Amino acid sequence: MFPLKDNIPTRRFPILTVAIILANVVMFFGFQGAFTGSDERFNERVVEYGAIPYEISHPGDECEEAGGKLLCEGQEGGPNDAGEQAATWLTLLTSMFMHGGLLHLGGNMLFLWIFGNNIEDSMGRGRFILFYLLGGLVALLAQTMIEPNAAVPTIGASGAVAAILGAYALLYPRARVVTVIFIIIFFTILELPALLVLGAWFLLQALNGAGSLAQPVGEGGGVAYFAHIGGFVFGLLMIKLFANRVQEDYESAH
C-alpha cells in the first residue's frame with residue numbers, strides 16, 4: 001500500500017513542508033555525500049551525526065567504529081576513550097535530516113509532501129515546525145526506550161513524518177487518498193479513506209515492531225519501528241493542541 005496524493009486542498013503554499021524536504025535532500029546529497037563515490041565519508045557522517053540509542057541512554061559515554069561495528073564506552077570490549085563525536089544533543093536534531101539511501105529519503109519525503117502540507121495549513125508555520133521537531137524527538141526517545149543499549153545510528157525523518165501521519169489520521173480521517181495496492185507482482189490504484197491507509201500503515205509498524213523484539217539488540221532489520229510508533233502516537237495525542245483549524249472544503253464535504 002503506497003499513497004500517491006490526497007484530495008484535501010491547502011489555503012496557501014506549504015513553505016515549511018517544502019523547506020524541510022529541501023533540507024533533507026541537501027543533507028543527503030551534500031552533507032552526507034551520497035553518490036559522490038565516497039562511501040567512507042557517507043558512513044562517517046552517519047556514525048558521527050546519527051543518533052545512537054546507547055549514547056542517549058548513557059550520558060557521557062560515546063561510541064566509535066571499529067572493525068565494521070560500533071563499540072561504546074562502558075560496554076564490554078568498548079574503548080576507554082572514544083574519538084571526538086558530535087554532541088549527543090546535536091545528533092537528536094541532525095539525525096532527523098539524514099537518510100540511509102535514496103528509497104529511504106524518497107519514501108519519507110513523499111509521505112511528508114502528501115500529508116504534511118495539510119497539517120502545516122491546519123496549524124500555521126510556527127506551530128508546524130515545532131510539532132514536526134517535537135514529533136521526531138519523541139519518536140527517537142521511544143526507540144531508545146525500547147533498545148537503550150543499541151549501538152546502531154538511528155537516522156531518518158520517519159519518526160517526525162509518523163507524527164504528521166498520526167495528526168492527519170485524526171484531523172482528516174475521511175479524506176480520500178489515491179493509493180497503489182500491490183498484490184504479488186500486480187498492482188492496482190484505488191482511492192481509499194485516509195483512516196484506512198494510515199491505520200494499515202500503523203498496524204504494519206506495530207506488527208513489525210513486535211517481531212523485532214525477538215531479534216538481538218540492534219538487529220531488528222535496520223528499521224526503527226518503535227520510532228514510527230512513537231511518532232504516530234505523538235501526532236494523535238498532540239494535534240488538537242497544535243491545530244488551529246481544519247480546511248473548510250473538508251468540513252463541508254463531510
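Readers should treat all values here as calculations from the given coordinates under stated rules, not as data from a laboratory. Nothing here was measured: the structure is a model prediction, and the numbers come from that model. Cβ atoms come from the backbone with ideal geometry, glycine included; neighbour counts cover every protein chain shown.
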Quick calc, the stretch 2-45, dipole around Cα centre from Cβ unit charges on Lys, Arg (+) and Asp, Glu (-), nearest 20 debye, gives 340 debye
For the chain, the charge dipole (Cβ of Lys, Arg +1; Cβ of Asp, Glu -1; about the Cα centre) points to a positive end, and the Cα of LEU70, ALA34, VAL180 closest to that extreme belongs to VAL180
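Quote the FRET efficiency, to the nearest 0.05, computed for PHE13 versus ILE185 with a Förster distance R0 of 30 Å and r equal to the Cβ-Cβ distance. Let's see the in-between values first.
Numbers: r = 39 Å, r/R0 = 1.30.
With a Förster radius of 30 Å, E is 0.15.
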In Å, the Kirkwood hydrodynamic radius from C-alpha pairs for the stretch 1-151 sits at 17.1 Å
The size of the Cβ-based charge dipole (Lys, Arg +1; Asp, Glu -1) of the stretch 91-217 about the Cα centre, to the nearest 20 debye, is 160 debye
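Rounded, prolate or oblate, given the Cα gyration tensor of the stretch 1-42, with a/c below 1.5 counting as rounded? Could the numbers behind the result be given before it?
Details: a/c = 5.89, a/b = 2.11, b/c = 2.79.
It comes out oblate by the Cα gyration axes.
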In terms of the charge dipole of the chain, which places +1 on Lys and Arg and -1 on Asp and Glu at the beta carbon, the residue among HIS58, LEU22, GLY211 farthest towards the positive end is LEU22
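Is the C-alpha gyration tensor of the stretch 119-158 telling us rounded, prolate or oblate? Criteria: a/c under 1.5 is rounded; beyond that, a/b larger than b/c is prolate, otherwise oblate.
Numbers: a/c = 4.32, a/b = 3.01, b/c = 1.44.
Here the stretch 119-158 falls in the prolate category.
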Per the rule of 0.36 nm per residue minus the C-alpha distance, extending ARG127 to ALA210 adds in nm 26.6 nm
Taking 1-9, 150-158, 191-199 and ranking on average Cβ neighbours within 10 Å, highest first, one gets 150-158, 191-199, 1-9
Nearest 10, in degrees from 0 to 90: the angle of helix 125-146 to the longest Cα principal axis of the chain is 50 degrees
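For the stretch 6-157, what relative contact order do you get, as a whole percent, if you take Cα pairs closer than 8 Å and at least 6 residues apart?
38 percent
Determine the shape class of the stretch 86-136: with a ≥ b ≥ c the square roots of the Cα gyration tensor eigenvalues, call it rounded for a/c under 1.5, and otherwise prolate if a/b is greater than b/c, oblate otherwise. Working shown, then result.
On the way: a/c = 4.08, a/b = 1.22, b/c = 3.36.
Oblate shape, in that a/c is at least 1.5 and b/c is the bigger or equal ratio.
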Rounded to the nearest 10, the angle in degrees between the Cα long axis of helix 15-26 and the longest principal axis of the Cα atoms of the chain comes to 30 degrees
Quick calc, the chain, dipole around Cα centre from Cβ unit charges on Lys, Arg (+) and Asp, Glu (-), nearest 20 debye, gives 1340 debye
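Output the relative contact order of the chain, whole-number percent, from Cα pairs under 8 angstrom with separation of 6+ residues.
Numbers: 417 pairs, mean separation 67.3, N = 254.
It comes to 26 percent, rounded to a whole number.
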Relative contact order of the stretch 122-166 (C-alpha contacts under 8 Å, at least 6 apart) in percent is 53 percent
Expressed in angstrom and rounded, the centroid-to-centroid distance over alpha carbons for the stretch 1-73 and the stretch 162-203 is 25 Å
All alpha-carbon distances of the stretch 128-185, grouped into 5 Å bins from 0, give the whole-percent distribution 4, 15, 19, 17, 15, 14, 10, 5, 1
Counting only residues 5 or more apart in sequence or on a different chain, those whose built amide H sits under 5 Å from that of THR154 are ALA51, ILE52
For LYS5, the residues 5 or more places away or on another chain with a placed amide H closer than 5 Å to its own amide H are VAL178
